[in-house]
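Asker: After the structure tokens below, expect a handful of questions from me.
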């Protein structure tokens with residue numbers, strides 16, 4: 001393709017004197033009204049504008065009745081150079097202009113690269129500081145009780161539930177966290193219950209209106225818990241301060257509830273163990289609840305064996321008559337018997353006068369991985385939980401209790417379960433439990449549960 005006459009004229013003018021000699025303008029050229037025809041770059045602008053390579057502000061001006069700067073001209077050239085499919089004449093004019101404004105173009109390039117880097121670092125910084133994860137659950141229970149031939153069904157734990165944990169990275173060593181839970185229970189009798197499972201309802205008037213007092217933060221969809229976590233990169237120590245869900249024992253059977261307080265740990269040099277200390281209170285919202293403080297250790301004893309040992313002392317509450325338990329401990333262990341086969345055991349004990357211990361056995365075959373569809377786990381469990389065998393162990397959504405929160409009568413029984421990952425970040429679990437009251441062996445409980453968790 002040959003250069004047209006105007007392109008040749010522009011190139012000739014640029015060749016003679018790019019910095020000061022005016023181009024030979026054709027009559028009637030007026031692409032940018034605020035660029036005087038005596039300006040040395042006028043013809044170049046006009047030529048490129050008429051070819052559609054560059055544009056003004058849309059009103060026939062370049063930048064509003066003033067002489068453009070060299071950086072502004074370089075910016076136009078840089079933008080035009082990004083276009084594809086230019087004719088030989090257009091490209092030749094741009095190449096000459098690029099040669100004249102090389103220093104300005106280099107400066108603009110460096111500035112653009114720095115701006116891009118700053119923007120990416122800002123985006124990365126924001127994304128790196130905030131993180132949200134959790135899951136949504138759909139759960140169905142078939143919970144049947146049989147007491148001397150009288151059969152009843154508890155349908156109060158069929159639920160839609162979500163759990164969201166937000167994390168803000170304060171710095172490399174500290175994180176601030178919050179937790180939101182929402183528990184919507186639907187019942188077969190048409191009643192719909194949302195919120196706090198453990199709320200205590202009492203008759204307030206003769207008309208039967210109800211007043212609800214929360215014993216803890218509940219599952220009402222608000223932000224329930226705030227806490228901070230810190231670690232020391234030198235010693236490997238860590239600390240958790242605030243209101244959070246915490247547990248003691250391999251299966252959280254000495255303690256497994258929401259607590260206020262502080263828990264800290266540090267690795268024991270030369271071992272695979274971590275030493276821990278804690279001061280915690282539970283039953284938030286109730287002034288009579290005491291504090292627990294104690295020490296513990298957990299970790300590996302060898303390649304395939306580990307332990308968890310915790311001791312806790314409970315301060316007497318304001319309403320305590322002195323007969324309740326004050327001390328407790330849990331001894332837990334796990335053993336990788338063979339590939340894909342693990343055994344876990346928790347033994348809890350308190351200084352209460354009766355039903356003061358608990359035993360929790362669990363055998364796992366394989367394990368699920370949310371990132372790998374098709375992975376699964378089969379497990380079998382046996383539980384013996386005395387009425388006073390713990391300080392509020394995790395009842396795992398009441399699958400380990402025959403009489404609801406508080407385990408008022410103690411429980412013994414067995415559970416068979418199955419977990420499966422059909423798709424990435426989705427886990428399905430189904431279990432069957434057969435349990436009995438420790439104080440009334442005539443009453444039995446059969447629980448069939450299936451649930452699907454959608455993780456994000």
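The values are calculated or read from the model by the stated rules, or taken from the named source; none is laboratory data. Because the structure is a prediction, the values reported are computed rather than measured. Positions of Cβ are backbone-derived with ideal geometry, glycine not excepted, and every protein chain shown enters the neighbour counts.
Asker: Whether any residue in the stretch 365-375 is assigned by TED's automatic domain parsing to the domain that holds residue 315, touching a strand residue (DSSP E or B) at 6+ places or on another chain (Cβ under 7 Å), surrounded by 15 or more Cβ atoms within 10 Å (Cβ to Cβ) and within 20 Å of residue 292 (Cα to Cα) is what I want to check.
Answerer: no
Asker: Output the qualifying pairs, or none if there are none: Cβ atoms under 6 angstrom, residues six or more apart or on different chains, first residue in the stretch 91-105 and at pLDDT below 75, second residue not in a helix (DSSP H, G or I).
Answerer: That search, which allows pairs on different chains as well, returns 100/18.
Asker: Identify, from the list 249, 256, 242, 218, the residue that is crowded, with 18+ Cβ neighbours inside 10 Å, over 17 Å from the mean Cα position of the chain (by Cα) and either closer than 15 Å to residue 175 by Cβ or outside the structural domain of residue 394 (by TED's automatic domain parsing) (or both).
Answerer: 218
Asker: If residue 296 passes every condition in (1) surrounded by fewer than 19 Cβ atoms within 10 Å (Cβ to Cβ); (2) at pLDDT 95 or above but one, which one does it miss?
Answerer: (1)
Asker: Another one. Is it the case, given these coordinates, that residue 201 is assigned to a strand (DSSP E or B) and at pLDDT below 95?
Answerer: Taking the combined requirement at face value, the residue satisfies it.
Asker: So which residues in the stretch 304-330 are at pLDDT 90 or above and outside any strand (DSSP E or B), if there are any at all?
Answerer: Across the stretch 304-330, the qualifying residue is only 304.
Asker: If you don't mind, there's one more thing I want to ask. Is it the case that residue 183 is in a strand (DSSP E or B), touching a strand residue (DSSP E or B) at 6+ places or on another chain (Cβ under 7 Å) and at pLDDT below 95?
Answerer: yes
Asker: Suppose we filter 433, 448 for residues that are buried (at least 18 other Cβ atoms within 10 Å of the Cβ) and either in the same structural domain as residue 255 (by TED's automatic domain parsing) or at positive phi (or both); which single one remains?
Answerer: 433
Asker: Please name all residue pairs, on different chains or six or more residues apart, with Cβ atoms under 8 Å, provided the first residue is in the stretch 436-456 and is free of Cβ contacts under 8 Å to residues at least 12 places away in the same chain and the second residue is outside any loop (DSSP other than H, G, I, E, B).
Answerer: Qualifying pairs under 8 Å: none.
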